[in-house]
Every structure is written in C-alpha cells, then in structure tokens.
Amino acid sequence: MGLAEATEGGAPADEAMPRHVKIAIGLPIMAAFVMILNETVMSVALPKLMDEFSVNASSAQWLTTGYLLTMAVVIPTSGLILQRFTTRAVFLSATSLFAAGTLLAGIAPAFGVLLVARVIQASGTALILPLLMTTIMTLVPAARRGRTMGLVTIVIAVAPAVGPTFSGLILKSLSWRWLFLSVLPIAVLALVVGAVMVRNAGEPKPVRFDPLSVLLSAVAFGGLIYGLSAIGESAAGHTPVPPAVPLVVGAVALALFVLRQMRLQRDDAALLDLRTFRTRSFVVGIIVLLFAMAALFGALILLPLYLQNVRDLSTLKTGLTLLPGGLAMGLCGPVVGRLADRFGPRPLVIPGTMIMAAGLGMMGAIDLHTHIAYVITTHVLTCIGIGFAMTPLMTSALGSLDAHLYSHGSAILNTLQQFSGAAGTALFVTVMTKSANSSADSGATSVEAQATGIQDAFLWGAGLGILAVAVSFLVRGTNGSSKMEAAPVH
C-alpha cells in the first residue's frame with residue numbers, strides 16, 4: 001500500500017514518517033540550504049575579487065549572472081532527469097557537482113577558473129530543489145505535506161537571509177576563498193552520508209530524450225533571464241548587449257519550445273509536460289507565487305542598496321539588518337505548513353498576500369532619515385506575509401497534480417521562480433534608476449535621488465502585492481491531493 005493511500009485510508013495524519021523517508025527528505029534539505037546560501041554570498045565579495053583578479057565590474061558580475069543562467073538552463077531539464085534516473089543517482093550527482101565546484105572555487109588560481117567553478121556549482125544547485133519537492137510529493141502523505149513543505153520554505157527564506165551576514169563575517173577577517181572552503185565539509189558530508197543512506201523513491205522510466213527541446217529550453221529561459229537581468233543594467237547605462245536582443249530571442253525560442261512540448265506530450269515524451277497547466281489550482285498557485293517571488297527578490301536587491309548607499313551601513317550591518325526578516329519567514333514555514341494541512345491554503349494565502357502588500361507599501365515611506373527599526377519591521381512584515389502564502393501555495397499547486405506529473409510540476413515551479421525573481425529585480429531596479437535620474441535632474445543630491453528611486457520602486461512592489469491579493473481570492477479552500485499512490489521506496 002502506498003503512503004498516500006495509507007493516510008487517506010484512515011492512518012493517523014500525525015503518524016511518524018519512516019526513517020528512510022526522513023533521510024530522503026532531510027539530506028536534500030541540508031544540501032539545498034548550503035547550496036542556496038552559497039548562491040547568495042558572491043555579490044558581497046565582488047569588490048575583493050575585482051582587485052585580486054584585476055577584472056572590471058561587468059566581468060566580475062558574470063560570477064552571479066553565470067550562476068543564474070546555468071540554473072535557468074538546467075532546472076527545466078530536471079523533470080526529465082528525475083524520471084529517467086533514480087532518486088539516489090540524482091542526489092549524488094547534484095551534491096558531487098556542488099562539492100566539486102565548491103572545491104574548485106576555493107582554490108581557483110584565475111578568474112576564468114572561478115567562473116567555471118560557479119557554473120559547476122549551479123548545475124548541482126539546479127537539481128536539488130526540484131528533487132526535494134518531487135521527493136516530498138512522492139513519499140509524504142497528503143495530510144502531512146504542508147508541514148514538510150514548510151521545511152523547504154526555511155531553505156528558500158533563511159539561506160538568502162543568512163548569506164550576506166555569513167559573507168560579511170568571513171570577509172571581515174578571512175580571504176574570500178573561505179566563502180567556499182568553509183561550506184565544503186558540509187557538502188562532502190551530505191555526499192558521503194547520501195551515498196550510504198539515501199534510498200530510491202519509485203522506479204526510473206525510459207523516457208525519450210529530445211535534444212531539440214533541451215536546446216530550445218536553454219535558449220528560451222537563458223535568453224529571457226539574461227535579458228531581464230540586463231534591463232536594470234541598461235537603465236543605468238552599463239549593459240554590453242541591448243536587453244531587447246536576448247528577450248526577443250528568448251521569447252521566440254520559448255514559443256517554439258511550447259509548440260514542441262505540446263506535440264511531444266501526446267506520447268509522454270515532453271521535456272516539460274505542459275498538461276500541468278490544465279489544473280486550475282496549479283495555475284492559480286503559480287501566478288500568486290510569481291508575484292510573491294518577484295516582490296521578495298526585488299526587496300532583496302533594493303534594501304541592501306538603501307542600507308549601504310543611502311544610510312552608509314557596512315556590509316555586515318546590512319546583513320544583520322536583513323537577517324530578522326529571513327528568519328521570521330523561515331520560522332513561519334513549519335507552523336504555516338501545519339495550519340495548511342489542517343485548514344487548507346485559502347485562509348492563509350489571502351491574509352498572507354495582504355500582509356505582503358502592506359509591508360511593501362510601508363517600505364515606500366522609507367527615506368533618508370527613517371529609523372532602522374522601521375526598516376527591519378517592514379521587512380519582517382513583508383517576509384511573514386510571503387511566508388504565509390508560499391508554503392500553502394507550493395503544497396496545493398503540486399498536490400493538485402497527478403503523481404506522474406510531480407517531477408514536471410516541480411521543474412516548472414522552480415523555473416518560473418527563477419524567471420519571476422529576474423523579472424522582479426528588473427522591475428525594481430529599472431523603476432529605481434529612472435526615478436533617481438529624474439530626481440537628480442531636478443536638483444536632488446545623488447543620495448536623495450537614490451532614496452527617492454527606492455521609494456518609488458517599493459510602491460511598484462506594493463502594486464505587485466495588490467495583484468497577488470486579487471489572484472489569491474481564486475485559491476480554493478482545500479489542498480489538492482493526487483489520487484495515485486505514493487511510490488515505493490527501494
């Protein structure tokens with residue numbers, strides 16, 4: 001009997017999960033935390049890297065851009081990978097890639113080597129979250145999925161919040177190389193323990209590999225992510241390629257990709273099975289998540305700019321100022337997950353999006369003289385709102401799919417989260433830059449102009465929040481759950 005069937009058939013919802021299930025979920029959670037933490041540390045270290053390797057800012061930025069592009073290319077393939085290969089093989093591959101990239105980054109003798117190391121790291125990171133979400137949906141009974149998915153919220157929320165503080169502490173007294181070397185033992189530990197203890201969930205299937213779909217996916221999502229990233233740089237006059245070029249190329253490739261997937265999915269051979277979008281709860285959940293992720297990533301970009309450029313705080317103090325928001329969002333995850341298991345997503349998502357919109361609107365009042373306690377409070381409020389929405393939305397969106405679509409659903413969810421993060425960043429930075437330029441032209445000082453730009457960008461963010469509130473009323477009152485059994489563990 002499958003786990004889902006056992007739960008739905010009358011087993012207590014609070015019955016302890018088997019040890020092998022806890023291991024299958026706990027190890028990817030630990031690995032994902034370290035991977036996402038390492039994803040966020042690089043921006044703080046860029047000035048030191050520019051000095052050490054004698055590269056300019058646009059070249060150094062590729063350490064971040066290259067990471068994001070690799071994620072954008074690899075994540076859409078994760079649905080196929082999770083079907084063709086065993087859970088154990090995917091976990092070991094992801095952690096091996098990350099550990100190898102981390103080691104190479106820590107000893108990199110040249111900038112080019114460091115860039116290659118970041119790409120290798122990103123290849124492992126891109127696999128771990130889809131693997132984690134698919135494993136939860138496959139092994140955890142529907143009645144426990146909310147609280148388990150809440151652990152994923154901890155990873156998504158706390159790791160980026162800890163990143164700036166972690167990097168600030170390291171760079172204050174050690175070489176930038178310790179940003180990588182300090183997490184290498186954890187990556188190796190996850191790899192070794194996984195090799196011994198991780199068991200397989202379900203059976204791999206001989207799914208057809210379509211090289212053209214992979215190529216179109218890479219061009220589509222890579223082009224769109226790069227184009228969106230370039231919009232902010234273009235507004236400031238620092239982009240080597242006009243953003244319209246990669247955006248148009250990416251949009252054309254995306255249209256061709258969608259047409260090909262619609263043809264291939266008739267034979268269950270699609271790289272990304274778009275039949276997931278036939279499920280209403282999945283579509284509504286994805287839309288609200290897109291607004292929430294755009295707001296979160298936009299705030300993560302603007303608040304450090306405000307704190308460092310307008311208020312002249314150090315990198316470490318900036319990280320410590322942002323830390324409470326990430327911790328609050330992470331701590332909300334398991335609690336909100338339990339509430340979602342009991343009451344369904346709707347009673348949590350609607351107030352969550354309202355709190356998020358209110359927090360972003362309050363950030364729009366931040367100026368040159370705002371007390372830091374107010375900044376922390378509004379950030380915590382925004383993060384709590386996103387936390388109340390994120391866990392129920394992920395659980396209900398994926399839970400509404402049939403079991404054979406879990407891997408595709410998690411791949412689509414993580415791909416679109418990357419896209420919405422890039423879009424939110426592009427929107428916030430563009431509004432900030434244009435508003436700051438307009439203010440400067442009117443005679444404001446550079447600091448006053450940037451403060452005005454940040455205010456306007458947060459008000460646009462509040463607009464995103466209001467749209468999220470509107471769509472949240474379409475969320476249904478119960479968590480979706482597959483009719484199919486949970487896969488056996490081998």
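Name the residue, out of 116, 196, that is assigned to a helix (DSSP H, G or I), modelled with pLDDT of 90 or more and surrounded by fewer than 19 Cβ atoms within 10 Å (Cβ to Cβ).
Result: 116 is the single residue among 116, 196 that is assigned to a helix (DSSP H, G or I), modelled with pLDDT of 90 or more and surrounded by fewer than 19 Cβ atoms within 10 Å (Cβ to Cβ).
Which of the residues spanning segment 119-133 are open to solvent by 20 Å² or more (accessible area, probe 1.4 Å) and touching a residue at least 60 places away in the same chain (Cβ under 8 Å)?
First, the residues of segment 119-133 that are open to solvent by 20 Å² or more (accessible area, probe 1.4 Å): 119-120, 123, 129.
The one that is open to solvent by 20 Å² or more (accessible area, probe 1.4 Å) and touching a residue at least 60 places away in the same chain (Cβ under 8 Å): 129.
Restricting attention to segment 272-297, report how many residues are open to solvent by 10 Å² or more (accessible area, probe 1.4 Å) and assigned to a loop (DSSP other than H, G, I, E, B).
1
Those residues that are more than 19 Å from residue 412 (Cα to Cα) and among the β-branched types (Val, Ile, Thr), I need them from segment 184-218; list them, please.
Those that are more than 19 Å from residue 412 (Cα to Cα) and among the β-branched types (Val, Ile, Thr): 186, 188, 192, 193, 196, 198.
Kindly indicate which of 352, 359, 337, 319 is under 21 Å from the mean Cα position of the chain (by Cα), closer than 27 Å to residue 470 by Cβ, at pLDDT below 90 and not in a loop (DSSP other than H, G, I, E, B).
Matching residue, one of 352, 359, 337, 319: 337.
So residue 354 passes all but one of these: (1) open to solvent by 10 Å² or more (accessible area, probe 1.4 Å); (2) farther than 28 Å from residue 397 by Cβ; (3) not basic (Lys, Arg). Which condition number does it fail?
In the conditions (1) open to solvent by 10 Å² or more (accessible area, probe 1.4 Å); (2) farther than 28 Å from residue 397 by Cβ; (3) not basic (Lys, Arg), residue 354 misses (2) alone.
Pick out the one residue from 344, 364, 337 that is touching an Asp or Glu at 6+ places or on another chain (Cβ under 8 Å) and either of a type outside the set (A, V, I, L, M, F, W, C) or open to solvent by less than 50 Å² (accessible area, probe 1.4 Å) (or both).
364
Can you tell me which residue is farthest from residue 128 (Cα to Cα) among those in segment 19-45 that are modelled with pLDDT under 80 and open to solvent by 20 Å² or more (accessible area, probe 1.4 Å)?
Of everything passing the filter in segment 19-45, 44 is farthest from residue 128 (Cα to Cα).
For segment 51-72, enumerate the residues that are within 22 Å of the chain's Cα centre (by Cα) and open to solvent by 50 Å² or more (accessible area, probe 1.4 Å).
Selection gives 61, 62, 68.
Residue 108: farther than 18 Å from residue 203 by Cα, part of a helix (DSSP H, G or I) and among the aliphatic types (A, V, I, L, M), yes or no?
So residue 108 fails the test.
Keeping to segment 405-436, report how many residues are more than 14 Å from residue 461 (Cα to Cα), in contact (Cβ under 8 Å) with a residue 24 or more places away in the chain and over 17 Å from the mean Cα position of the chain (by Cα).
Result for segment 405-436: 4.
Under 6 Å between Cβ atoms, which residue pairs at least 6 apart in sequence (or on different chains) link something in segment 148-167 that is open to solvent by 20 Å² or more (accessible area, probe 1.4 Å) with a partner that is at pLDDT below 80?
What qualifies is 160/40; 164/44.
Return yes or no: is residue 161 of a type in the set (Gly, Ala, Ser) and modelled with pLDDT under 90? Step through it out loud before you land on a result.
Details: of a type in the set (Gly, Ala, Ser): yes; modelled with pLDDT under 90: yes.
The answer is yes for residue 161.
Please enumerate the residues belonging to segment 406-426 that are open to solvent by 20 Å² or more (accessible area, probe 1.4 Å) and more than 15 Å from residue 287 (Cβ to Cβ).
Those that are open to solvent by 20 Å² or more (accessible area, probe 1.4 Å) and more than 15 Å from residue 287 (Cβ to Cβ): 418, 425.
Of the numbered conditions (1) open to solvent by less than 40 Å² (accessible area, probe 1.4 Å); (2) at pLDDT below 85; (3) under 17 Å from the mean Cα position of the chain (by Cα); (4) not hydroxyl-bearing (Ser, Thr, Tyr), residue 300 fails exactly one; give the number of that condition.
The one condition residue 300 does not meet is (1).
Hey, among 373, 403, which residue is small (Gly, Ala, Ser), open to solvent by 10 Å² or more (accessible area, probe 1.4 Å) and under 17 Å from residue 138 (Cα atoms)? Break it down stepwise before answering.
Working: 373 fails: under 17 Å from residue 138 (Cα atoms).
From the options 373, 403, the qualifying one is 403.
Taking segment 86-113 as the region of interest, how many residues are open to solvent by 30 Å² or more (accessible area, probe 1.4 Å), in contact (Cβ under 8 Å) with a residue 60 or more places away in the chain and touching a Ser or Thr at 6+ places or on another chain (Cβ under 8 Å)?
1
The values are calculated or read from the model by the stated rules, or taken from the named source; none is laboratory data. These figures come from a predicted structure and were not determined experimentally. In this analysis, Cβ positions are derived from the backbone assuming ideal geometry, glycine residues included, and neighbour counts consider all displayed protein chains. Just so you know, the surface numbers come from the protein's heavy atoms only, side chains and all, with ligands and any DNA or RNA stripped out. Shrake-Rupley method; radii C 1.70, N 1.55, O 1.52, S 1.80 Å.
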